[in-house]
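A quick write-up on the structure given underneath.
What follows draws every value from the coordinates through simple rules; no lab data is involved. Since the model is a prediction, treat every value here as computed from it, not as a measurement. Note: ideal-geometry Cβ built from the backbone for every residue, glycine included; neighbour counts use all protein chains shown.
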Amino acid sequence: AYGYATVSGRGEKQERVNEVFHRVAERYDLMNDLMSGGLHRAWKAAMVAWLSPPHRPEYRFLDVAGGTGDVAFRIVEATRRRAHGTVLDINASMLAVGAERAIKKKLGENLTFTEGNAEELPLPDNHFDAYTIAFGIRNVPRIGEALKEAYRVLKPGGRFMCLEFSEVDLPVLDKVYDAWSFQAIPRIGEIVARDRESYAYLVESIRRFPNQANFAAAIGEAGFERVDYRNLSGGIAAIHSGWKL
Ligand code: SAM
């Protein structure tokens, strides 16, 4: 009904994603709060807590699809402002909002904002202690390529962590969540961002993403070991973790 079903090639899919985030960039943070009822903050905090980065200035992390910087800010804060992070995103509009927020938070020294594609990272091999991606991988047309790239840029001993919407595993919550996603979210998008279509598209992309076990298997196929996951809020979201050993 909103065009996505007719999109076939991966070039077109990426184009569609780029257009959506270009349009929503300025309102992205507000919309995130409204649509998740603020839950995305708790989920991001849970990912950073599980990562538990050391307080070392040499600690280098890469936050892919980093958008407006939320996850990167949290990681830097968790290292008592010692670590250095690269925030990579394919969308310059999202990065611009992130870079401005970093300066306001006085985190400009700790972060580098880089435009790039998760499927083809413009970054060296064996370079980062951690690779994080939050609510980003489901937008990438070739997930397998993104996972291979994550593996390549991590140092041996480095950690992969992904936060993404997943499959709800509680029967009642399932119904409530369906109503929320298919009715409320596009409606909020329409009222607040005057953009129903983009938000309907985001909901659709969540439904197409592999469930917890299947995504864990894909992470293993890319070479990661000790792959594990934790559900958040009954499986509305999940955190996956893997190690390059
Ligand atoms: N990580 C941020 C957060 O959790 O608030 C932003 C998530 S936002 C839902 C998804 C982001 O993925 C957008 O900023 C979008 O531009 C980015 N993105 C989409 N496709 C990408 C790709 N192929 N490579 C890198 N970033 C991509």
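Sorted fewest first by neighbouring Cβ atoms within 10 angstrom, K175, K155 come out as K175, K155.
Which entries of K44/K104; K104/K148; K13/K175 have Cα-Cα distances beyond 31 Å here? Please report the intermediate quantities before stating the final value.
On the way: K44/K104 20 Å; K104/K148 34 Å; K13/K175 28 Å.
Correct reply: K104/K148.
Set the Förster distance to 35 Å, then compute FRET efficiency between E109 and V172 from the Cβ-Cβ distance, nearest 0.05. Efficiency computed from Cβ-Cβ geometry: 0.15. The charge dipole of the range 83-185, taken about its Cα centre with unit charges on the Cβ atoms of Lys, Arg (+1), Asp and Glu (-1) only, comes to about 340 debye.
Report the FRET efficiency, 1/(1 + (r/R0)^6), for E58 and A217, where r is their Cβ-Cβ distance and R0 is 25 Å, rounded to 0.05. Show your work: numbers first, answer last.
Values: r = 33 Å, r/R0 = 1.32.
It comes to 0.15.
Normalised by the number of residues in the chain, the mean separation of alpha-carbon contacts (under 8 Å, six or more apart) gives a relative contact order of 18 percent. By the compact-protein rule of thumb, 2.2 N^0.38 Å, the alpha-carbon radius of gyration of the chain corresponds to a ratio of 0.96.
With N denoting the number of residues in the range 60-112, provide Rg(C-alpha) divided by 2.2 N^0.38 Å, to two decimal places.
Rg over 2.2 N^0.38 Å, computed on Cα atoms: 0.97.
For the range 4-243, a crude dipole built from +1 on the beta carbon of Lys and Arg and -1 on the beta carbon of Asp and Glu, taken about the Cα centre, is about 620 debye to the nearest 20.
Taking every DSSP beta bridge that has both residues in the chain, what percent is antiparallel when rounded to the nearest 5? Please list the in-between numbers first.
Working: 14 of 34 bridges.
Percentage antiparallel, nearest 5: 40.
Other residues within the sphere of radius under 10 Å centred on the Cβ of V71, judged by their own Cβ, net out at 0 (K and R +1, D and E -1). A cut-off under 14 angstrom between Cβ atoms defines the neighbours of P57, and their net charge, with Lys, Arg +1 and Asp, Glu -1, is +2.
Counted by neighbouring Cβ atoms within 10 Å, the residues T86, T112 run from fewest to most as T112, T86. Taking Cα centroids, how far is the range 74-88 from the range 107-182 in Å? If we compute the Cα centre of each part, the gap is 16 Å.
Count Lys and Arg as plus one, Asp and Glu as minus one, and take only other residues whose Cβ is under 13 Å from that of E100; the net charge is then +2.
For the range 24-162, a/c is less than 1.5, where a ≥ b ≥ c are the root eigenvalues of the C-alpha gyration tensor. That puts it in the rounded class.
Treating each Cα of the range 145-197 as one equal point scatterer and applying the Debye formula with no solvent, the log10 of I(q)/I(0) at q = 0.14, 0.16, 0.17 Å⁻¹ comes out as -0.66, -0.72, -0.74.
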